[in-house]
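Comments concern the structure below.
The values are calculated or read from the model by the stated rules, or taken from the named source; none is laboratory data. Note that the coordinates shown come from a computational prediction; the quantities given were computed from them, not determined experimentally. Heads up, the Cβs are rebuilt from the backbone with ideal geometry, glycines too, and the neighbour counts pull from every protein chain shown.
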């Protein structure tokens, strides 16, 4: 007969499958053995069988309701199932039973972080750090919560005493906070003290610091380095030979641009994703609906919209002639950014442009698009600011429809497997899945960087004011000045 000691010994050695066999034998003979139920649940959690883990550990708690470890491990399984409120409840009970339950404090901090309750998360991480001050996961977690709060002074105060764990990443985080506090010389000193001065985060922070100091020329080498590194990374993920294989299926000639007409009102579309009721996006969406037919003759505006957009905004879009395509609401907020890419697969569309709702279309981008239409290239990419150190800005590109490999299907798969699921995940997707395919057949307009086969400056005479650029946010007061629902 297997014993708990034998099963536990195997478990501690990492031989979880063998341990599971012994736990199962014990439970077959003694189905109400709480330790066997609990540890069998832990094995299930280690094997990714999370719902089974919840069931097993839950049974153990019923049999022994005063064991802190049971509650703590149940909280861990629930956290991994993204059942954050339930996880918080069980972690709280574990801490009531054992005030020094480290795992429960860490899970509490992680749950608050996942729920974007940043202050609660920062406080919980601080309590966990009191038990393990040098734990790097806890340090990074608290730092992330403070950064989400934009608590720049607290970030500096938190990092400064960490001399025993100080590394380049912490120096960069400190420099970022100092830059936000406009303590530019101190920020530069932190960045210059980094041992590795070529990584992505270092280059990004140097780029932003130079721009904040008003040194545009000093910023550009860092932006160029970022673009070159991203291009190399994209090529590693999708080789040139694979990209060429995709392109080999394309027709030899690029179709001639044909304006929309009564029979084909959406042959050429300018596409936007819109959700929520934030005026930064809704007012400017209406302004874009108004301006697209004026700035882009032969094109029409298309908005992919879910049910969270106010009805009066949707009606205003329609009144200005835009096509509104309803999209099912999705809790995965940043996946909504991909909606505007759906036109790439639409058989009724010949050419598409992807744009941001908060950036109102202007004559500079129109001039660039006109040059693209005459170039014989299938795709078009714009960068119009030193901070546009991305291979493809998600709201500043376009192309011929029907030639890319089913972006609508790829987007969901990419999002689900990608970390982090942040606000720039759509640009990460374009970098990894689209840029390697299109860069050999793409016109790039960029006054600052050299990246892309046919890269050139924006057309002469298309200059905007110093404070404006293509893809730039139009402040709400300016949008409101222009916004008025169309009268019948």
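Hey, could you check the range 407-417 for residues that are modelled with pLDDT under 85 and touching a helix residue (DSSP H, G or I) at 6+ places or on another chain (Cβ under 6 Å) and say which is surrounded by the fewest Cβ atoms within 10 Å (Cβ to Cβ)? So, considering only residues that are modelled with pLDDT under 85 and touching a helix residue (DSSP H, G or I) at 6+ places or on another chain (Cβ under 6 Å), the one surrounded by the fewest Cβ atoms within 10 Å (Cβ to Cβ) is 408.
Consider the range 236-246 and keep the residues that are touching a helix residue (DSSP H, G or I) at 6+ places or on another chain (Cβ under 6 Å) and part of a helix (DSSP H, G or I). The one that is surrounded by the fewest Cβ atoms within 10 Å (Cβ to Cβ) is 237. Of all residues in the range 152-174, exactly one satisfies the criterion of being surrounded by fewer than 12 Cβ atoms within 10 Å (Cβ to Cβ), closer than 15 Å to residue 193 by Cα and either modelled with pLDDT of 95 or more or out of contact with any helix residue (DSSP H, G or I) (no Cβ under 8 Å at 6 or more places or on another chain) (or both), namely 163. Find the residue count for the range 392-419, including only residues that are in contact with a strand residue (DSSP E or B) (Cβ under 8 Å, 6 or more places away or on another chain) and assigned to a loop (DSSP other than H, G, I, E, B). Selection size over the range 392-419: 5.
Helices (runs of 4 or more DSSP H) wholly in the range 83-131 with at least 3 residues that are under 23 Å from residue 152 (Cα atoms) and out of contact with any strand residue (DSSP E or B) (no Cβ under 8 Å at 6 or more places or on another chain) - which ones?
102-114, 118-131
Any residue in the range 65-81 that is closer than 21 Å to residue 3 by Cα and either in a helix (DSSP H, G or I) or in contact with a strand residue (DSSP E or B) (Cβ under 8 Å, 6 or more places away or on another chain) (or both)? So far as the range 65-81 goes, yes, one or more of its residues are closer than 21 Å to residue 3 by Cα and either in a helix (DSSP H, G or I) or in contact with a strand residue (DSSP E or B) (Cβ under 8 Å, 6 or more places away or on another chain) (or both).
Residue by residue, here is whether (1) within 27 Å of residue 170 (Cβ to Cβ); (2) at pLDDT below 95; (3) surrounded by 23 or more Cβ atoms within 10 Å (Cβ to Cβ) holds:
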| site | (1), (2), (3) |
| --- | --- |
| 66 | no, no, no |
| 83 | no, no, no |
| 91 | no, no, yes |
| 98 | no, no, no |
| 120 | yes, no, no |
| 125 | yes, no, yes |
| 138 | yes, no, yes |
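Exactly one residue among 28, 7 is more than 22 Å from residue 89 (Cβ to Cβ) and without any contact (Cβ under 8 Å) to a residue 24 or more places away in the chain, and that residue is 28. The residue pairs whose first member lies in the range 37-63 and is at pLDDT 95 or above, whose second member is surrounded by fewer than 21 Cβ atoms within 10 Å (Cβ to Cβ) and not in a helix (DSSP H, G or I), and whose beta carbons are closer than 6 Å, counting only pairs six or more residues apart or on different chains, are 50/81; 63/32. Restricting attention to the range 407-432, the residues that are in contact (Cβ under 8 Å) with a residue 40 or more places away in the chain and more than 15 Å from the chain's Cα centre (by Cα) total 2.
Residue 315 passes every criterion in (1) farther than 18 Å from residue 395 by Cα; (2) in contact with a helix residue (DSSP H, G or I) (Cβ under 9 Å, 6 or more places away or on another chain); (3) at pLDDT 95 or above apart from (2).
Looking at the range 250-294, which of its residues are buried (at least 18 other Cβ atoms within 10 Å of the Cβ), touching a helix residue (DSSP H, G or I) at 6+ places or on another chain (Cβ under 7 Å) and not in a helix (DSSP H, G or I)? Listed by number, the residues that qualify are 269, 270, 271, 272, 273, 274, 275. Candidates in the range 421-463 are the residues that are touching a helix residue (DSSP H, G or I) at 6+ places or on another chain (Cβ under 7 Å) and under 21 Å from residue 280 (Cα atoms); of these, the one that is modelled with the lowest pLDDT is 422. Do we find that residue 196 is surrounded by 15 or more Cβ atoms within 10 Å (Cβ to Cβ) and either part of a helix (DSSP H, G or I) or modelled with pLDDT under 95 (or both) in this structure? In short, no.
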